[in-house]
Each structure stands twice: as structure tokens, then as C-alpha cells.
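The values are calculated or read from the model by the stated rules, or taken from the named source; none is laboratory data. Here the structure is a predicted model, which means the values were calculated and not measured. Virtual Cβ from ideal backbone geometry, glycine too; neighbours counted across all protein chains shown. SASA here: full protein model, heavy atoms, side chains in, ligands and nucleic acids out. Shrake-Rupley method; radii C 1.70, N 1.55, O 1.52, S 1.80 Å.
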Amino acid sequence: MKLIKFLLVGFFFGIVLTKCEAVSWYRIYEMFQFQSFHMFGIIGVAIFTGVIGIQIIKRKNLKDVDGLPIEILDKEKGSIRYWLGGTLFGLGWALVGSCPGPIFILIGAGFMSVGVILIGALLGTFLYGVLKDKLPH
Amino acid sequence: MDFITQTWHWSISGFLIGMVMLALTYFGKAFGMSSNLRSLCSMAGAGKFVSFFNWDWKSQRWNLVVVVGAMLGGYVATHFLSDPSNVSINTTTISQLAAMGIDAPHGKLAPDALFGMEIFSSPKMIAILLIGGLLIGFGSRYAGGCTSGHAISGLSNLQLPSLKAVIGFFIGGLIVSHFVLPLIFN
């Protein structure tokens with residue numbers, strides 16, 4: 001039963017991402033062509049909302065739903081993995097127009113072809129696991 | 001009901017996505033979609049071959065539940081909350097796509113040229129989707145996160161590594177959008 005709230009948040013997330021068309025290949029293409037403010041607006045306002053929320057949580061030492069202090073982990077320091085991994089991710093993102101969230105959302109929406117992207121993404125994740133210790137991080 | 005079926009405004013949508021991230025934070029979790037790919041690999045038994053997948057993925061079951069919810073949300077939104085006015089992208093973008101032989105949206109979320117059922121008889125298109133997925137899976141794990149984990153969660157927490165990753169997302173994206181797509185579709 002504790003999992004129900006995650007189902008609801010996911011459901012809401014799926015609706016918002018579909019209705020703002022962030023799951024759309026067209027919107028991603030339009031963004032990378034700088035031909036619309038739409039996607040930049042979405043990402044910008046999401047981050048703005050997030051920054052304010054996280055600052056409130058930190059400054060007021062808010063507790064989570066179970067009454068435990070909310071811990072927000074810092075990302076590991078580093079450079080190569082972020083620049084290189086990020087760029088590789090971006091190549092894929094612009095090619096097929098969906099990042100991991102939208103991959104699942106589009107499959108739910110009935111796009112069978114996105115299943116091919118998911119298979120590729122699982123293979124890519126597996127490949128990273130295989131090569132992890134040989135890569136610069 | 002128009003305000004539901006039309007394209008949601010970026011300001012409302014951005015705010016709601018930020019709230020999704022904050023809701024998961026309030027639930028004591030971290031918002032990030034790509035780690036589910038690692039969980040799925042582990043569920044399929046990848047941990048027997050590669051130690052990276054030998055981890056406590058069951059502690060991440062909540063995130064797989066988020067994924068199931070998102071899939072249901074995607075189904076409901078496309079089947080019951082959409083109308084033909086959706087995905088009204090820039091007309092310049094439409095003519096640019098037409099020049100590459102890519103169909104206009106007309107309310108569709110994705111072009112048939114890349115996502116229609118006909119692609120299953122085109123080895124070239126299958127390879128493109130597969131390679132795109134491969135880059136997304138590999139890149140997000142290498143960078144330790146994707147759009148949700150770095151762009152939304154990471155930047156909201158003012159993380160420098162996330163800024164590097166997000167700049168990387170755009171470097172890669174701009175290369176493909178401006179130089180690779182025109183080569184593939186000509």
C-alpha cells in the first residue's frame with residue numbers, strides 16, 4: 001500500500017509530460033533548432049520550482065513523509081564522466097527525441113516502435129556496466 | 001475541458017514537473033528515471049555476469065512503480081485527454097522537416113517517418129532507434145543521470161556536475177539535430 005503514492009506520482013508525471021508534449025520527438029527537434037521557447041520554458045520553470053522547493057526543505061530542515069530528515073545527496077565530483085556521458089546521452093536524445101522517462105510514457109501510450117529504443121537503452125546500460133572499470137570517470 | 005485537452009502551457013507544466021520532483025523528495029526518494037534501466041537489467045539477471053548489476057535493486061522498486069504509473073498516465077493522456085490541435089510546432093520547423101521527408105504532427109506526438117509501424121520493415125529505421133536507445137542508456141549511466149536526475153533534480157540542488165552533464169546533453173543534441181539528422185533524412 002505504501003507504493004500507491006508512487007503509482008499516483010508516476011501517473012501524474014506521465015500525464016504532465018504527455019500534455020506538455022515533452023515526450024514528443026517534434027518538440028525536442030524544435031528545441032534543438034531554437035525554433036520555440038516551449039521546452040526551454042518547461043525545463044526552466046521546473047528547475048526554478050525545484051530550486052525554491054529544495055531551498056525551503058534545506059533551510060527549514062523539513063522531514064519526509066515518514067518523519068525522517070530529508071537528505072539530498074550531492075552528485076559525485078568529477079568531470080569527464082559528466083561531459084562525455086552527457087554528450088553521448090544528448091546524441092541519443094536528439095536522434096530519437098525521448099529521454100528515459102518519455103521512453104516508458106510513450107510505450108504506455110501505445111508506440112510499439114519506442115520498444116526498440118527501450119531495448120537499445122537496456123543494451124546501452126548493460127554495456128556501461130561491462131565497461132565501467134575501463135572508462136575514465 | 002479545452003484547458004485539459006489543449007497543449008499545456010510551459011509555465012504550468014514546468015511547475016508541475018518541479019512539484020513531481022519535490023513530491024518524491026518529500027517521500028524520501030530521489031527523482032531519476034534512468035536508474036530504472038539499471039534495475040531492469042538487474043531484474044533480468046545481469047548481476048550474474050557483471051558486478052555493476054549486482055546491487056540492491058529491490059530498494060528501488062518504488063521507482064519501477066513510478067514507471068508503471070507514468071506508462072498509465074501516458075496511455076490516459078493520449079487516449080482521453082488529447083485533441084488534434086496538439087503539437088502545434090513552429091511552421092518553420094514543419095517546412096524544415098518536410099524537406100527531410102518527415103511528416104508534420106497534425107496532433108501526433110511523433111512522426112510516422114521514425115515511429116510508424118512501417119519502420120519495422122526498415123532495417124535502417126530500426127538501427128536508428130536502436131542506436132539512439134544505446135546512446136541514451138550508455139550515456140545516462142556514464143553521466144550518472146538523465147534529464148530528470150541531472151537537469152531537474154541536480155540543477156535544482158545547484159550541483160556543478162549536473163550542469164556539466166546538462167551542457168553535454170545540449171552539445172550532443174545540437175550536433176545530432178543540426179548535422180546528423182540532415183544526413184540521415186535527405
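Just a few scattered comments:
- Of the helices (runs of 4 or more DSSP H) lying entirely inside region B:1-92, those containing at least 3 residues that are at negative phi and touching a Gly at 6+ places or on another chain (Cβ under 8 Å) span B:10-26, B:35-43, B:61-80.
- Of the residues A:PHE40, A:PHE34, A:PHE48, the single one that is aromatic (Phe, Trp, Tyr), out of contact with any strand residue (DSSP E or B) (no Cβ under 8 Å at 6 or more places or on another chain) and farther than 25 Å from B:LEU135 by Cβ is A:PHE48.
- The residues of region A:71-103 that are open to solvent by 10 Å² or more (accessible area, probe 1.4 Å) and out of contact with any Pro (no Cβ under 9 Å at 6 or more places or on another chain), listed by number, are A:GLU71, A:ILE72, A:LEU73, A:TRP83, A:THR87, A:LEU88, A:LEU91, A:LEU95, A:CYS99.
- Some residue of region A:49-56 being facing another protein chain (nearest Cβ under 7 Å), under 19 Å from B:VAL166 (Cα atoms) and not β-branched (Val, Ile, Thr): yes
- Restricting attention to region A:3-26, the residues that are more than 7 Å from chain B (Cβ to nearest Cβ) and over 15 Å from the mean Cα position of the chain (by Cα) add up to 1.
- Checking each residue in region A:28-38 for being more than 7 Å from every other protein chain (Cβ to nearest Cβ) and open to solvent by less than 10 Å² (accessible area, probe 1.4 Å) picks out A:ILE28, A:MET31.
- Pairs, first over 11 Å from B:LEU64 (Cα atoms) in region B:38-51, second in a loop (DSSP other than H, G, I, E, B) and of a type in the set (S, T, N, Q), C-beta under 7 Å, six or more apart: B:GLY47/B:ASN54
- Number of the exception - B:GLY172 against (1) facing chain A (nearest Cβ under 7 Å); (2) at pLDDT below 95: (2)
- Taking region A:76-115 as the range and being within 21 Å of B:LEU109 (Cβ to Cβ), of a type in the set (Gly, Ala, Ser) and either in a helix (DSSP H, G or I) or modelled with pLDDT under 95 (or both) as the test, the residues that pass are A:GLY90, A:GLY92, A:ALA94, A:SER98, A:GLY101, A:GLY108, A:ALA109, A:GLY115.
- Hey, A:MET39 closer than 25 Å to B:TYR142 by Cβ, touching a Phe, Trp or Tyr at 6+ places or on another chain (Cβ under 7 Å) and part of a helix (DSSP H, G or I) or not: no
Yes or no, residue by residue, for (1) open to solvent by 10 Å² or more (accessible area, probe 1.4 Å); (2) farther than 21 Å from A:MET112 by Cβ:
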residue: B:LEU109; (1), (2): yes, no
residue: B:GLY116; (1), (2): no, no
residue: B:LYS124; (1), (2): yes, no
residue: B:LEU129; (1), (2): no, no
residue: B:PHE138; (1), (2): yes, yes
residue: B:ARG141; (1), (2): yes, yes
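- Selection of region B:160-186 for residues being touching a helix residue (DSSP H, G or I) at 6+ places or on another chain (Cβ under 8 Å) and not in a helix (DSSP H, G or I) yields only B:PHE185.
Here is a yes/no grid of residues against (1) more than 30 Å from B:PHE52 (Cβ to Cβ); (2) touching a Ser or Thr at 6+ places or on another chain (Cβ under 9 Å); (3) open to solvent by 60 Å² or more (accessible area, probe 1.4 Å):
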position	(1), (2), (3)
B:GLY69	no, no, no
B:VAL76	yes, yes, no
B:SER95	yes, no, yes
B:SER121	yes, no, yes
B:SER156	no, yes, no
B:ASN186	yes, no, yes
